[in-house]
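Written below as structure tokens is the structure these notes are about.
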Amino acid sequence: MQGFKTRVQQAEKTLCNIDPALKLIIQSGPKFDVTPFNKQPFEALVHAIIAQQLSVKSASAIRQRVHDLLPDVEFNEHAFKQITADEYKTAGLSQAKTNTVQGLIEFALDDANNFRQLQSYSDKEVKERLCQLKGIGPWTVDIFLMFGLKRLDIFASGDLGLRKAIKALHAFKDLPSPADCNVIAKKWHPYRTVAAWHLWRTVD
């Protein structure tokens, strides 16, 4: 994780040099927190599924209730398989998300290499592979790439929070489209994940 911290620090220096507006956010906002990036890939993807179309507060509450079902264990596919559909429902997951998580568990258990191989895939290859699973779309994979695989150049342009942050950053009258956000975020390459993290803090 120390190597990841060093890469983030370098990313922040680069972003401050290329974007004065983002520099102000980075320097005046909270220090980058690597804790959310400490998850194992499977756990990170489950968290992304839970967070679909929910506020940060609601998603956090449901994640905690799910974790409470599995105290003192590693949060991998074997552990999550122990949770029943009724328990997921009680924790706050919809039936659709429960089906997605259970499908992901089968994907992981079907072949131990399924998840291991993702770490060596390109961003595009990860998206192509995971989007084949029912209930997993581009936003979910973007969040997984950020927090599960620690990829530093991901920007979830469809994320409402990021769109609101960019609207405020540039004082736009209207909410920018995902396509517009992608264009704006190009200047933050190759550190768009770090830019996104700081932008999210402005709308938390």
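The values are calculated or read from the model by the stated rules, or taken from the named source; none is laboratory data. This is a predicted model, so every value here is computed, not measured. Counting neighbours? That spans all protein chains shown, and the Cβs are built from the backbone with ideal geometry, glycine included.
Annotations
- Exactly one residue out of 53, 82 is exposed (fewer than 12 other Cβ atoms within 10 Å of the Cβ), on the phi > 0 side of the Ramachandran plot and not charged (D, E, K, R): that is 53.
- Helices (runs of 4 or more DSSP H) (entirely within region 68-158) containing at least 1 residues that are in contact (Cβ under 8 Å) with a residue 12 or more places away in the chain and closer than 20 Å to residue 52 by Cα: 77-80, 85-91, 95-110, 123-130, 138-147
A quick yes/no check of all residues on (1) among the aliphatic types (A, V, I, L, M); (2) at negative phi; (3) in contact (Cβ under 8 Å) with a residue 24 or more places away in the chain:
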residue	(1), (2), (3)
9	no, yes, no
13	no, yes, no
17	no, yes, no
22	yes, yes, yes
28	no, yes, no
35	no, yes, no
39	no, yes, yes
44	yes, yes, yes
47	no, yes, yes
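- Residue check for residue 174: among the acidic types (Asp, Glu) and either in a helix (DSSP H, G or I) or touching a residue at least 24 places away in the same chain (Cβ under 8 Å) (or both): no
- Answer from 194, 183 - the residue that is free of Cβ contacts under 8 Å to residues at least 24 places away in the same chain, of a type in the set (A, V, I, L, M) and at negative phi: 183
- Restricting attention to region 8-57 and to residues that are modelled with pLDDT under 95 and of a type in the set (Lys, Arg), the residue that is farthest from residue 136 (Cα to Cα) turns out to be 31.
So that you can scan it fast, the table gives a plain yes or no per residue for (1) surrounded by 14 or more Cβ atoms within 10 Å (Cβ to Cβ); (2) touching a Leu at 6+ places or on another chain (Cβ under 8 Å); (3) more than 17 Å from residue 43 (Cα to Cα); (4) modelled with pLDDT of 95 or more:
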residue: 116; (1), (2), (3), (4): no, no, no, no
residue: 124; (1), (2), (3), (4): no, no, yes, yes
residue: 130; (1), (2), (3), (4): yes, yes, no, yes
residue: 136; (1), (2), (3), (4): yes, yes, no, yes
residue: 143; (1), (2), (3), (4): yes, no, no, yes
residue: 162; (1), (2), (3), (4): yes, yes, yes, yes
residue: 165; (1), (2), (3), (4): yes, yes, yes, yes
residue: 175; (1), (2), (3), (4): no, no, yes, yes
